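The values are calculated or read from the model by the stated rules, or taken from the named source; none is laboratory data. A quick note: this is a predicted structure, and the numbers were derived from the prediction, not measured. In this analysis, Cβ positions are derived from the backbone assuming ideal geometry, glycine residues included, and neighbour counts consider all displayed protein chains. Quick note on the areas: whole protein, heavy atoms, side chains included, nothing else; ligands and nucleic acids left out. Shrake-Rupley method; radii C 1.70, N 1.55, O 1.52, S 1.80 Å.
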Amino acid sequence: MRPFEVAPVMLPEGTVLGGDYRLLRPLSSGGMGSVHLAEQVSTGTRRALKLMHQQLLQNARARERFVQEAKASGRIPSDHVVQVVAAGVDNDLSVPFIVMELLEGEDLHARVEREGPMPVPTALSVTEQLTHALEAAHRAGIVHRDLKPRNVFLQRDADGEVVVKLLDFGVAKLIEAHRTSATGTGAV
């Protein structure tokens, strides 16, 4: 855990959220929440399930950002944005969650730390895919606002080619909300 992060919600393995998602094990933790490997009980499909950090549960703004992340990602038609499968608040535990496609690979930060600079053809492919994701987001009226290597996930397709998935729309800005005050503070 990084020094500025808060502790994740501690739920035991096997806990079922939303009546359909069984927690299997933790995968990672970030500033807003923790991501767990989960099984969708109804289909047997493995998913990534994000839980909001415990200390943020009472913070109305943090809860709003968490919900916004699910809605923003779901509005963007791109193969290069992580797919949101479901979102909600577990009725019994009162814990917000987001269920996403399970990605296999690593983020851009980890990749560069491990291997150093990418070969030019790979870097061009990553940039092109990332541009596609951002263009699709902008067409949907969404500005990401937290573009960094840790939010760019790299996985391989069946042919071994790198596929980019843009993550974490928690601080995204919805353009429609700011069109009426184009010159005001916070305008996009």
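Tell me, what is the per residue accessible area of the chain in Å², probe radius 1.4 Å?
On the way: 10390 Å² over 188 residues.
Per residue, the chain has 55 Å² of solvent-accessible surface.
How long are the semi-axes of the equivalent ellipsoid of the chain, defined as square roots of 5 times the Cα gyration tensor eigenvalues? Whole Å, largest first. Walk me through the intermediate numbers first.
Numbers: eigenvalues 135, 106, 50 Å².
So the three semi-axes of the chain are 26, 23, 16 Å.
For region 6-70, the normalised intensity computed at q = 0.18, 0.25 Å⁻¹ comes to -0.65, -1.09 (log10 of I(q)/I(0), Debye sum over alpha carbons, equal scatterers, no solvent). In this label model, His132 and Thr43 are separated by 2.1 nm, measuring between points 7 Å along each Cα→Cβ vector. What is the extension gain from Glu104 to Arg25, computed as 0.36 nm multiplied by their sequence separation minus the C-alpha to C-alpha distance, in nm to one decimal? Here the answer is 27.0 nm. With all protein chains in place and a 1.4 Å probe, the accessible surface of the chain carries 52 percent carbon and sulfur. The distance between label points at Thr122 and Arg139 comes to 2.9 nm (points 7 Å beyond Cα on the Cα→Cβ vector). Rg ratio for region 94-138: its Cα radius of gyration over 2.2 N^0.38 Å, N being its residue count, equals 1.55.
With a cut-off of 8 Å between alpha carbons and a minimum separation of six or more residues, what is the relative contact order of the chain in percent?
Details: 326 pairs, mean separation 32.2, N = 188.
Contact order relative to length: 17 percent.
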